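Take a look at the structure below.
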Amino acid sequence: MTHSLHRRGTDEYLKNDFTLLVTAASGVNHIGSREGMSKILDAVWEIGPTNIGSNETGTTLSGVTLEQIRSGFTKVPRIRCNFGSKGKAFAAIKKLQELDTGMSVTLSGPIEATLAMCKEYGIKPHSINLSLDVWGKKDKLPAEEVLELMTMCGHGLVGRTLIEETMEKVRQGKLSPQKATVKISPLCICGIYNTDRAEKLFEKCVPSK
Amino acid sequence: MKINQELCVGCGQCLPYCPMGAIERGKDTSRINWDECVECGICIRQVKCPVKAIYEPKETLEWPRSVRKVFSDPTSKHENTGVRGRGTEEVKTNDVTARFKRGFFGIALEFGRPGVGTRLGDVEMITKVLAEEEIVFESANPLTFLMEDPRTGIIKADVRNEKVLSGIVEFVIPQENLERVCTKIVDTASKAKCIFSWTIITRFEPDGTLPVVARLENIGIKTSKNMKVNVGLGRPLRED
Amino acid sequence: MTHSMHRVGSDESFQEDYVVMSRPAMGINHVGCTPKIQRTLEIIFAEGPTNIGSLTTQENMTMGLDPQKLIAKTEDNSPVMCCFHERSKVVNVLKRLKEEELGLSVVVTGLLDNVQSICQEVGLTPHSVNISLGFHGQD
């Protein structure tokens, strides 16, 4: 459950991007939690999130109503929503504090402002999941496994689109690692493209591996 | 490169092959984005176009467009070096040329690599700073040839917007300047508009060690363990 | 001419990745060296490279490159570019090149420790090295 982590962008863009997750802990406090969650849903909706999501029904942005989300609550209900302003996100935390439902709450957003808010509201943060960022890759670069295949042609003639598409075909079982290698390595006419290594790299895409 | 719109059947086979993603699918046909195409020739060489619609128009070879092909297509030759490729023979023939002597380091910054491409003008971000450091750019390098004045690092105005798959800036520094020059490059890189791959060339010490690795680590630059070694077979061997 | 540099991968995946290049130095020892380049190619073909290519014929082994055609088209400035995934073959090629004293420059790209151990086994003193410092910059 780290899908709200690793957001990328400048501080300017991230300063108003908060993701709120309210979660019942299965086997601990999920029984009888639907009523509290229902209240939280109403409270969050009133504050005005950019979106409320639900794995069961879909998101409000895609046209799902609040009632549909509510009726879609499972035995272990969850609320996932995003706020486009710090003020709204912190207002939601304040409201959750008042409702005191005992559900777990996480807020993903800029750490400095979040910690200051906690201090202001008298909340002692419990634990934290910190993104350590993506290492060694630059914004314009594709994934490491694509780079591994790309950089064997130092002239850059084996492009990312072809590699990504070919890897996908191997993943889908439409191409064998060997055929995938034969498909992409002719592009590097120098012959320094190590076909043996390429095949091994493609083998990592085979579904069973 | 261009796609003959009369012939193209819009099958889209060529699309993934372009390293720059410059082939676009239109309503019924595919087209090459003329501004993004770096003239690497992959489409014409490797795509089995069923109707042979991909062609090299005469404009490809007209100045300043022509620089795209010489920098991006390894099969084309730089007229000013006689060597194919984007740079010099660098370490490949160092045992014979002594291009990089003991007491000196060779540095090569390859802009646009890996697989992103660069506008030639974008390299100025670094070349201007290096020129201020009184770096002397390698005269046999095709990118130096495209500088208005190698003492300023400014690229000629008419080629500045030309996009290439990659271009290499090459120069030599005295050993004692390593930390100063590398720190300058790292600082400038954080503001650069494009991406570059970076290499350093050095002689092995008589005892076979490479002290440069530790010196670079001391200033936060990690070297790749995958290195390109001139094994010393070239003759006549030219000592420093 | 640094196209064998900047390969990306784990140390493990480089255990079986060696790029071997050979060429004369233009203006120094390139005149009349075609037979030496051809002999280098013969030695490499005899050993069996994983891949070999040519900018002149614009082909590589995956495209069905014909060794004889490549050798025949060699010129004084033709670079030799190939790769191996077996260490032993690199050793054998270098041994032959050393024995025959062809005098062309040879570079091997691979993990430094591996290349140095190959040189030691062959009896070569590595001359110089080109080290990748990775990718830098941003969009």
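The values are calculated or read from the model by the stated rules, or taken from the named source; none is laboratory data. As the structure is a computational prediction, the values presented were derived from the model and not from experiment. Positions of Cβ are generated from backbone atoms using ideal geometry, with glycine treated the same way; all protein chains shown enter the neighbour counts. Calculation scope for accessible area: heavy atoms of the full protein, side chains included, ligands and nucleic acids excluded. Shrake-Rupley method; radii C 1.70, N 1.55, O 1.52, S 1.80 Å.
The table below gives the values:
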{"item": "Inter-label distance, nm, simple model (7 Å from Cα along the C-beta direction), residue A:39/residue B:33", "result": "5.3 nm"}
{"item": "Loop chymotrypsin sites (Phe, Trp or Tyr not before Pro), the stretch B:14-60 (other Cβ atoms within 10 Å of the site Cβ: 15 or fewer; DSSP)", "result": "B:34"}
{"item": "Distance between modelled label sites at residue C:100 and residue C:121, nm, 7 Å Cα→Cβ extension", "result": "2.0 nm"}
{"item": "Carbon/sulfur fraction of accessible area - the protein assembly as shown, other protein chains in place, 1.4 Å, %", "result": "51 percent"}
{"item": "Average accessible surface area per residue within the protein assembly as shown, 1.4 Å rolling probe, Å²", "result": "45 Å²"}
{"item": "Centroid-to-centroid separation of the stretch C:12-75 and the stretch C:99-139 [C-alpha atoms, Å]", "result": "17 Å"}
{"item": "Residues in the stretch A:86-103 reached by a label modelled at residue A:29 [backbone nitrogen below 14 Å; 7 Å Cα→Cβ]", "result": "A:96-103"}
{"item": "Relative packing of peptides B:148-159, B:111-122 - highest average C-beta neighbours within 10 Å first", "result": "B:111-122, B:148-159"}
{"item": "Model label zone, residue C:63; criterion: amide N under 16 Å from point 7 Å along Cα-to-beta-carbon; scope the stretch A:175-209", "result": "A:182-195"}
{"item": "Förster radius 51 Å - calculated FRET efficiency between residue B:158 and residue B:207, Cβ distance, rounded to 0.05", "result": "0.55"}
{"item": "Shielded by partner chains, the stretch C:35-65 residues - at least 30 Å² of accessible area, 1.4 Å probe, vs chain alone", "result": "C:50, C:51, C:55, C:58, C:60, C:62, C:63"}
{"item": "For chain C: rounded, prolate or oblate by the Cα gyration tensor [a/c cutoff 1.5]", "result": "rounded"}
{"item": "37 °C / 0.692 mPa s Stokes-Einstein diffusion coefficient of the stretch B:74-218, Kirkwood radius on C-alpha pairs, µm²/s", "result": "208 µm²/s"}
{"item": "Inter-centroid distance (Cα atoms) of the stretch B:197-233 relative to the stretch A:143-209, Å", "result": "29 Å"}
{"item": "Averaged over C:9-16, number of beta-carbon atoms from partner chains that fall within 10 Å", "result": "4"}
{"item": "Per DSSP, loop GluC sites (Glu not before Pro) in the stretch B:177-240 with at most 10 further Cβ within 10 Å", "result": "B:239"}
{"item": "Rg and Dmax of the protein assembly as shown, Cα atoms only, in Å", "result": "28.3, 89"}
{"item": "Simple label model, 7 Å out from Cα along Cβ direction - residue B:9 to residue B:214, nm", "result": "6.6 nm"}
{"item": "Rounded to whole Hz, the Karplus (6.51, -1.76, 1.60) HN-Hα couplings of the stretch C:75-81, x for glycine and proline", "result": "10, 4, 10, 6, x, 9, 9"}
